[in-house]
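The values are calculated or read from the model by the stated rules, or taken from the named source; none is laboratory data. Keep in mind that this is a model prediction, so the values were computed, not measured. Here the Cβ positions follow ideal geometry from the backbone for every residue, glycine too, while neighbour counts run over all protein chains shown.
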């Protein structure tokens, strides 16, 4: 990973959201021999677009290609420059932090993205510096390195602001879902309980949904209707 292969002083970090059925979760990495937890991220090659670099990293971590992705903020505070943290990660993995990898200790401005994926379709994969990559509930996150907790907080705020306009549930649910499943996604993102009748009335009046056949799993009269998002 030579410094000449990458755009200097620019990195990206990805907040990868998934919905497990009752919890909104994100993917985190733990760096080998450090106990440091971080968002999946990386660097941009001189020969690729920024968005392509992020998609490349997401595919490596999730195995998925067609992922909803949105750039939401750029983090450039001087306080995020903590070379000792990166030095610890490099040396814990057997790399010489004073040699060809010295460039990783420089100050980086990071462009943050959030991704929305189907939780059930992913087998998380760690990168070469990490012991594991796994899901954590957003309301039970462990301490994160550098300013990654701030990045997560900003991503959640953005997700909440966009929840209707961006049809957030479309990427966190299967193609067809029940009203109850949709409500659970909204509650997990907003962090509040919603009144069932009010939520259903709002969604049906929004013209965002297409109603399909009922989901039969027992007594016919209790079977809920299935819905999908109307693509505009």
Could you tell me how many of the residues in segment 135-149 are in contact (Cβ under 8 Å) with a residue 12 or more places away in the chain, within 25 Å of residue 87 (Cβ to Cβ) and surrounded by fewer than 16 Cβ atoms within 10 Å (Cβ to Cβ)? 2
In segment 120-142, anything within 15 Å of the chain's Cα centre (by Cα) and part of a loop (DSSP other than H, G, I, E, B) is listed as 122, 123, 124, 125, 126, 141
What are the pairs, 6+ residues apart or on separate chains, where a residue within segment 23-34 that is within 30 Å of residue 186 (Cβ to Cβ) has its Cβ under 7 Å from a residue that is assigned to a loop (DSSP other than H, G, I, E, B)? 27/40; 27/124; 28/39; 29/40; 29/126; 29/127
Of residues in segment 162-183 being out of contact with any strand residue (DSSP E or B) (no Cβ under 8 Å at 6 or more places or on another chain) and at pLDDT 90 or above, the one farthest from residue 113 (Cα to Cα): 180
Exclusive hit being touching a helix residue (DSSP H, G or I) at 6+ places or on another chain (Cβ under 7 Å), closer than 22 Å to residue 151 by Cα, modelled with pLDDT of 90 or more and not assigned by TED's automatic domain parsing to the domain that holds residue 194, set 24, 58: 24
Just the residues that are in contact with a helix residue (DSSP H, G or I) (Cβ under 9 Å, 6 or more places away or on another chain) and at pLDDT below 90, please, taken from segment 127-161. 127, 129
Subset of segment 44-65, residues under 18 Å from the mean Cα position of the chain (by Cα) and crowded, with 19+ Cβ neighbours inside 10 Å, comes to 53, 54, 55, 57, 58, 61, 62
Tell me, yes or no, whether segment 65-73 has at least one residue that is free of Cβ contacts under 8 Å to residues at least 24 places away in the same chain, assigned by TED's automatic domain parsing to the domain that holds residue 123 and closer than 25 Å to residue 123 by Cβ. yes
Complete set of residues in segment 71-118 that are surrounded by 15 or more Cβ atoms within 10 Å (Cβ to Cβ) and either part of a strand (DSSP E or B) or within 20 Å of the chain's Cα centre (by Cα) (or both): 72, 73, 75, 110, 111, 112, 113, 114, 115, 116, 117, 118
Any residue in segment 150-161 that's under 15 Å from residue 110 (Cβ atoms): show its pairings with residues that are in a helix (DSSP H, G or I) at Cβ separation under 8 Å, as long as the two are six or more apart or on different chains. 152/138
